[in-house]
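*Asks:* What follows is a structure written as structure tokens; I'll ask about it next.
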Amino acid sequence: MGVGDKRVIFMVSLTFYEGAKFLLFDHDGTLVDTDRFYQSNAPASEILNPETVGVIAETHLPFAIVAGTYRKHVERTIQVLPRMPLFCVCLEDSYPKTKPDPEPYLMALKKIEEMGLKAGDVVVFEDSEIGEASAKGAGLHVVRVKSFVK
């Protein structure tokens, strides 16, 4: 699957979920090339998934990040995104259970519901089985994408 093919998957997935009003993205493998992100000093802009960035830029939908990693890593990424996420749920947010438990996504959903939206308004982009299980366990629509590797 080429890079352009992934963009089609993202956009077709959003078409399928026409009522989407909010997007949630996993960090590792979905927003960034995980291996290069943690094992190199390459700027985050060089290891961002261009397809994810394109979806963020083109949809103009509000979005957030639910990460099983530390906030310092997510902040490195958000500095180079086309716009800022409304919030990030990271390990430091003290959720006692991590993916595949639904707790990280339930925390995100609580924030989304405070904005007047509901679970059916949200589409999650995940690249792993455990992330998908976490999001589905929270009652969210999930689009499973292949892990991004540059």
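The values are calculated or read from the model by the stated rules, or taken from the named source; none is laboratory data. Worth saying up front: this structure is predicted, and the values here are computed from it rather than measured. Please note: Cβ atoms are built from the backbone with ideal geometry, for glycine as well, and neighbour counts cover all protein chains shown.
*Asks:* Are any residues in the stretch 108-134 surrounded by 23 or more Cβ atoms within 10 Å (Cβ to Cβ) and closer than 24 Å to TYR38 by Cα, and if so, which ones?
*Replies:* Result: VAL124, PHE125, GLU126, GLY131, SER134.
*Asks:* Consider PHE87 against the criteria (1) over 12 Å from the mean Cα position of the chain (by Cα); (2) modelled with pLDDT of 95 or more: it satisfies all of them except one. Which criterion is unmet?
*Replies:* (1)
*Asks:* Which of the residues belonging to the stretch 137-148 are crowded, with 18+ Cβ neighbours inside 10 Å and assigned to a strand (DSSP E or B)?
*Replies:* Of the stretch 137-148, the ones crowded, with 18+ Cβ neighbours inside 10 Å are 138, 140-143, 145, 148.
Those that are crowded, with 18+ Cβ neighbours inside 10 Å and assigned to a strand (DSSP E or B): HIS141, VAL142, VAL143.
*Asks:* In the stretch 91-136, which residues are without any contact (Cβ under 8 Å) to a residue 24 or more places away in the chain, outside any helix (DSSP H, G or I) and in contact with a helix residue (DSSP H, G or I) (Cβ under 9 Å, 6 or more places away or on another chain)?
*Replies:* Of everything in the stretch 91-136, those that are without any contact (Cβ under 8 Å) to a residue 24 or more places away in the chain, outside any helix (DSSP H, G or I) and in contact with a helix residue (DSSP H, G or I) (Cβ under 9 Å, 6 or more places away or on another chain) turn out to be TYR95, PRO96, LYS97, LYS118.
*Asks:* Looking only at the stretch 11-29, count how many residues are at pLDDT below 60 and in contact with a Gly (Cβ under 9 Å, 6 or more places away or on another chain).
*Replies:* 1
*Asks:* Please work out which residue is modelled with the lowest pLDDT, limiting yourself to the stretch 90-99 and to residues that are crowded, with 18+ Cβ neighbours inside 10 Å and of a type outside the set (Lys, Arg).
*Replies:* So, considering only residues that are crowded, with 18+ Cβ neighbours inside 10 Å and of a type outside the set (Lys, Arg), the one modelled with the lowest pLDDT is TYR95.
*Asks:* Among the residues that make up the stretch 53-62, is at least one of them over 19 Å from SER147 (Cα atoms), touching a Gly at 6+ places or on another chain (Cβ under 9 Å) and of a type in the set (A, V, I, L, M, F, W, C)?
*Replies:* Checked the stretch 53-62: no residue is over 19 Å from SER147 (Cα atoms), touching a Gly at 6+ places or on another chain (Cβ under 9 Å) and of a type in the set (A, V, I, L, M, F, W, C).
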